[in-house]
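In what follows, a single structure is set out as structure tokens and then discussed.
The values are calculated or read from the model by the stated rules, or taken from the named source; none is laboratory data. Quick caveat, the model's predicted, so the values are computed rather than measured. With ideal geometry, Cβ positions are generated from the backbone for all residues, glycine too; neighbour counts draw on all protein chains shown.
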Amino acid sequence: MDTLQLRKVGIDTYLENVAYLHRECEVYRAEGFQALSKIIIKLNHISIYAVLNVVDDAGIVSPGELGLSQQAFEQLNADEGTAVSVSQAAPPRSMDAVRRKINGERLNLEDFRAITNDIGKNRYSKMELAAFLVASGQTGLDREEILHLTQAMTESGDRLDWHDSVVVDKHCIGGIPGNRTSMIVAPIVAAHGTLMPKTSSRAITSPAGTADTMEVLANVELTPQQLHQVVAKERTCLAWGGTAGLAPVDDILISVERPLGIDSMGQMVASILSKKLAAGSTHLLIDIPVGTSAKVRHMREALQLRKLFEYTADRLNLQLDVVLSDGNQPVGRGIGPVLEARDVMQVLNNLDSAPNDLRQKSLRLAGRLLEFDPDVRGGNGFALARDILDSGRALKKMQAIIAAQGKQTTNFELGQRTMDVVAGKTGYVVAINNFQMSKIARLAGAPMDKGAGVDLFKKLGDPVEADTVVYRIHAQFPADFHFACALAQQDSGYRIGDQSRIPTPYAEL
């Protein structure tokens, strides 16, 4: 078989292997390749799959070269100029199972294993991934299928073992901006001595993830070896999970789910539990915020989701506690990495200016996690968590975590371009749209620009005059500032009305 010279093409194709062939390439014409078809690239004993793009610009690849996107090039682990062979790839066999799912059939564990194995090896195109996700969402996954998908996704990558009988973690299903409880909960739990290795994602559609916010204070990109060293020393970490290789199929599926706006219950349960099982968790707390502009809008939906989590976790020997919390407004005052880091440190420092809702929610969650410890009597967790926070032990632990991971040397500052948004009329804050506030913060530049975001001055139930400032937009760059301000002027995300219209918070269950 003819060979081509390998060339690295500096394009980030985000979790998709992409190859580039020149239209005049002899191999391209001889093999009858078509754009967007799947090909196999072979070098000695290594084979990778990639989607083919055809180019006419010799500046990208010449007729004698094969270009690979950044991810594909790293997977092949070869130098530029190395001779590689290329051939057509057969369609993944597991697509038969996907077609059966499209027709409404139930899939078994082996079906899901075959699908996740092919996805993990990049044998699926984005169209085929979308077909699987839509089929799973439209026809639905029953609880046995959710269990099987969770197992298959967990097996798709590495699995950590901390050699401890109690390894706790928490996860919020999302949709609530400013909800940075993990950065308060982890130091409290670790200060008690309970093991809580906290790996978190970066934001994809939100203004900040835990990793984005923690990066304001410390290095979060740790190698697996560094991660273990930090956890061994401090009993916790607050790091980005992207280097750990945990349930990698989940990351690939999410890269397609998010643009399509697909977020089915079955996929959500499998995604969250597979990541936590792969991370070595034995005990898990799930926070499901419920609110009119949250991801889960109705209590009946939250209860259904809780049952799915409980069933799947029980079958996989994961001890689970699910909290249904109020999701009618952002948690804390800051939306965006710098502002959220400010809120976290105010709580840990026990300052009078600290947002009380963030403090109280963090204490409730930390208390539930502490009660996983057999030596903590049920119902005593909250008081124990409060004592650890009030005594300064949680702050001391956070300082130790920052030192162990490496203190951030860049001083991130708030965006200097600001606009104040006012109430517009006299009354009470009766609604805050979580989605709108997140969108305004993202347009301002968060999380890429860590100093961008929204600083909230008023929350639900607060009285306001017509000219009262309810929040301030922060941005660094003119274009970001313009787009964020334009959206806020179109719809501020705040509703002012009569006191009788203030919503009753969902009681925590």
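Looking only at segment 52-69, residues that are part of a strand (DSSP E or B), touching a Lys or Arg at 6+ places or on another chain (Cβ under 6 Å) and among the β-branched types (Val, Ile, Thr) come to 1 in all.
Which is on the phi > 0 side of the Ramachandran plot and either surrounded by fewer than 23 Cβ atoms within 10 Å (Cβ to Cβ) or in contact with a helix residue (DSSP H, G or I) (Cβ under 7 Å, 6 or more places away or on another chain) (or both), of GLY451, GLY367, GLY406, GLY381? Checking each option against the conditions leaves just GLY406. The C-beta contact set for segment 239-257 (first residue within 21 Å of MET214 (Cβ to Cβ), second residue β-branched (Val, Ile, Thr) and surrounded by fewer than 21 Cβ atoms within 10 Å (Cβ to Cβ), distance under 8 angstrom, 6+ apart or interchain) comprises THR243/THR223; ILE254/ILE204. Segment 1-44 holds no strands (runs of 3 or more DSSP E) entirely within its bounds that carry 2 or more residues that are free of Cβ contacts under 8 Å to residues at least 60 places away in the same chain and among the basic types (Lys, Arg). The sole residue among THR312, THR282 that is over 20 Å from the mean Cα position of the chain (by Cα) and buried (at least 24 other Cβ atoms within 10 Å of the Cβ) is THR312.
Annotation note: Cβ proximity below 7 Å between a residue of segment 450-468 that is closer than 17 Å to ARG417 by Cα and a residue that is among the hydroxyl-bearing types (Ser, Thr, Tyr) and surrounded by 14 or more Cβ atoms within 10 Å (Cβ to Cβ) (sequence gap 6+ or interchain) occurs for VAL454/TYR471; ASP455/TYR471; LEU456/TYR471. The helices (runs of 4 or more DSSP H) located wholly in segment 381-493 that include 1 or more residues which are farther than 30 Å from GLY193 by Cα occupy 434-443, 478-490.
Quick check on my filter: what residues within segment 8-35 are out of contact with any Phe, Trp or Tyr (no Cβ under 8 Å at 6 or more places or on another chain), charged (D, E, K, R) and over 20 Å from GLU128 (Cα atoms)? Scanning segment 8-35 gives ASP12, ARG23, GLU24, GLU26, ARG29, GLU31.
Can you spot a residue in segment 178-188 that is at positive phi and touching a residue at least 24 places away in the same chain (Cβ under 8 Å)?
To start, the set of residues in segment 178-188 that are at positive phi comprises 178.
Filter once more, keeping what is touching a residue at least 24 places away in the same chain (Cβ under 8 Å): 178.
For segment 178-188, residues at positive phi and touching a residue at least 24 places away in the same chain (Cβ under 8 Å): present.
SER87 fulfils the conditions (1) at pLDDT 95 or above; (2) surrounded by fewer than 17 Cβ atoms within 10 Å (Cβ to Cβ) except for a single criterion, (1). Screening GLN34 on (1) over 30 Å from the mean Cα position of the chain (by Cα); (2) crowded, with 16+ Cβ neighbours inside 10 Å shows it passes everything except condition (2).
Counting only helices (runs of 4 or more DSSP H) wholly contained in segment 192-308, the ones carrying 2 or more residues that are touching an Asp or Glu at 6+ places or on another chain (Cβ under 7 Å), under 24 Å from GLU16 (Cα atoms) and modelled with pLDDT of 90 or more occupy 265-278. Residue-level check: of (1) under 22 Å from ALA239 (Cα atoms); (2) of a type outside the set (Lys, Arg); (3) touching a residue at least 60 places away in the same chain (Cβ under 8 Å), HIS163 misses just (3).
Candidates are the residues of segment 135-160 that are assigned to a loop (DSSP other than H, G, I, E, B) and of a type in the set (Ser, Thr, Tyr); the one that is surrounded by the most Cβ atoms within 10 Å (Cβ to Cβ) is SER156. Looking across segment 410-437 at every residue that is among the β-branched types (Val, Ile, Thr) and either in the same structural domain as GLY461 (by TED's automatic domain parsing) or within 20 Å of ALA479 (Cα to Cα) (or both), the one that is surrounded by the most Cβ atoms within 10 Å (Cβ to Cβ) is identified as ILE432.
Pairs linking a residue in segment 122-144 that is farther than 15 Å from ILE254 by Cα to a residue that is among the polar types (S, T, N, Q) and part of a helix (DSSP H, G or I), with Cβ atoms under 9 Å and 6 or more positions apart or on different chains, are ARG123/ASN117; LEU141/GLN267; ARG143/THR312.
Of the residues making up segment 161-175, not a single one is out of contact with any strand residue (DSSP E or B) (no Cβ under 9 Å at 6 or more places or on another chain), buried (at least 21 other Cβ atoms within 10 Å of the Cβ) and either over 19 Å from ILE288 (Cα atoms) or in the same structural domain as GLY392 (by TED's automatic domain parsing) (or both).
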